[in-house]
Amino acid sequence: MESLRTLLVTRRSAGVTQVSMSRPAVFNAFDEAMIGELDRVFSELAEDPATRVIVLAGDGKHFSAGADLQWMQRASQASHEWNLEDARRFAAMLWRIDSCPKPTVARVQGAALGGGVGLICACDIAIAADNATFAVSEAKFGILPAVIGPYVTNAVGRRQARRLALTTMRIDAAEALRIGLVHDVVSPARLDEAIDAMAAELLAGAPDAQREIKQLFSGLEVGPITAEVRELTAQTITRVRGGDEAREGFAAFLAKRPAAWIPR
């Protein structure tokens with residue numbers, strides 16, 4: 001991809017694209033430029049037929065320190081209208097990642113602070129090195145984790161999200177695993193191995209089926225399974241079960257061969 005100033009986009013392996021935040025001098029803190037580039041890159045990769053899985057990473061020792069403090073200081077001195085449009089762009093970027101039709105995996109090392117935690121929670125899966133630490137730190141600066149709040153709440157639940165946001169406490173990778181902020185913790189030396197193993201698991205799944213999973217699950221809530229929910233799930237499986245992918249999947253299984261969507 002051309003003309004990127006804050007990101008590096010590389011082909012990690014067949015079907016797997018890595019998007020690396022590349023501002024290591026400021027621990028990959030993001031500003032208006034990175035927000036715009038993340039939104040653009042995830043939009044383009046969603047339409048890229050060569051990309052089946054997207055890995056979100058951070059260059060250097062840390063995943064992301066969250067919002068660039070110079071950016072936040074500019075915002076504190078700007079007009080209401082500027083602040084609103086700026087916040088809307090941030091919200092749109094997180095939604096772009098969260099709603100990406102392809103599986104997304106966060107590769108986390110070192111510090112993940114504030115909005116960096118939001119980026120992790122917007123991804124489908126998160127794998128962390130055991131040296132990773134996490135903090136929802138906004139209240140220390142007199143602001144709140146508003147835009148990232150829904151993603152953090154969806155990832156860890158309301159009470160854990162409140163605890164993290166109210167205390168601004170920094171937690172380690174083991175605690176992040178316990179509360180569901182990340183899905184696996186490995187040594188730094190094994191982080192890429194774990195990412196590649198997860199990518200291989202994701203590549204074994206059918207891409208259209210994965211798109212359907214993300215769309216369906218995004219509309220499901222924990223709670224009563226109503227008649228509307230039952231009808232939605234019945235309509236969805238009926239439509240998907242009659243498609244080409246399903247026919248190929250069952251045929252491949254019965255023939256004991258790899259399905260056509262698995263990279264050779």
Can you tell me which residue is farthest from Arg264 (Cα to Cα) among those in segment 1-28 that are small (Gly, Ala, Ser) and over 16 Å from the mean Cα position of the chain (by Cα)? Ala25
Among (1) part of a strand (DSSP E or B); (2) of a type in the set (Val, Ile, Thr); (3) surrounded by 21 or more Cβ atoms within 10 Å (Cβ to Cβ), which single condition is Thr10 missing? (3)
Out of segment 80-116, which residues are among the small types (Gly, Ala, Ser), open to solvent by less than 40 Å² (accessible area, probe 1.4 Å) and within 15 Å of Ile54 (Cβ to Cβ)? Ala106
Residue count for segment 128-154, restricted to those that are closer than 19 Å to Val182 by Cβ, outside any loop (DSSP other than H, G, I, E, B) and open to solvent by less than 40 Å² (accessible area, probe 1.4 Å): 8
Filter segment 68-127 down to the residues that are in contact with a strand residue (DSSP E or B) (Cβ under 7 Å, 6 or more places away or on another chain) and in a helix (DSSP H, G or I), then identify the one that is nearest to Glu32 (Cα to Cα). Gly115
Please indicate, with yes or no, whether at least one residue in segment 218-233 is part of a helix (DSSP H, G or I), among the hydroxyl-bearing types (Ser, Thr, Tyr), without any contact (Cβ under 8 Å) to a residue 24 or more places away in the chain and out of contact with any Gly (no Cβ under 7 Å at 6 or more places or on another chain). yes
Counted residues in segment 208-228 being of a type in the set (Asp, Glu) and over 15 Å from Ala46 (Cα atoms) come to 2
Looking at Arg211, is it under 17 Å from the mean Cα position of the chain (by Cα), surrounded by fewer than 21 Cβ atoms within 10 Å (Cβ to Cβ) and in contact (Cβ under 8 Å) with a residue 24 or more places away in the chain? yes
Residue in segment 27-45 that is most open to solvent (accessible area, probe 1.4 Å), counting only those that are farther than 16 Å from Val108 by Cα and of a type in the set (A, V, I, L, M): Ala33
Within segment 13-34, count every residue that is in contact with a Gly (Cβ under 9 Å, 6 or more places away or on another chain) and either assigned to a helix (DSSP H, G or I) or among the β-branched types (Val, Ile, Thr) (or both). 2
Given (1) within 30 Å of Asp68 (Cα to Cα); (2) in contact with a Leu (Cβ under 8 Å, 6 or more places away or on another chain); (3) open to solvent by 50 Å² or more (accessible area, probe 1.4 Å), index of the condition Ala122 fails: (3)
Step by step: first the residues of segment 43-94, then only those that are touching a residue at least 24 places away in the same chain (Cβ under 8 Å) and of a type in the set (Ser, Thr, Tyr), then the one that is farthest from Val26 (Cα to Cα). Which residue is that? Thr51
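The values are calculated or read from the model by the stated rules, or taken from the named source; none is laboratory data. As the structure is a prediction and not an experimental result, all values here were calculated from the model. Don't worry about glycine lacking a Cβ; one is built from the backbone with ideal geometry, like all the others, and counts go over all protein chains shown. Heads up: the accessible areas ignore ligands, DNA and RNA and are worked out on the full protein's heavy atoms, side chains in. Shrake-Rupley method; radii C 1.70, N 1.55, O 1.52, S 1.80 Å.
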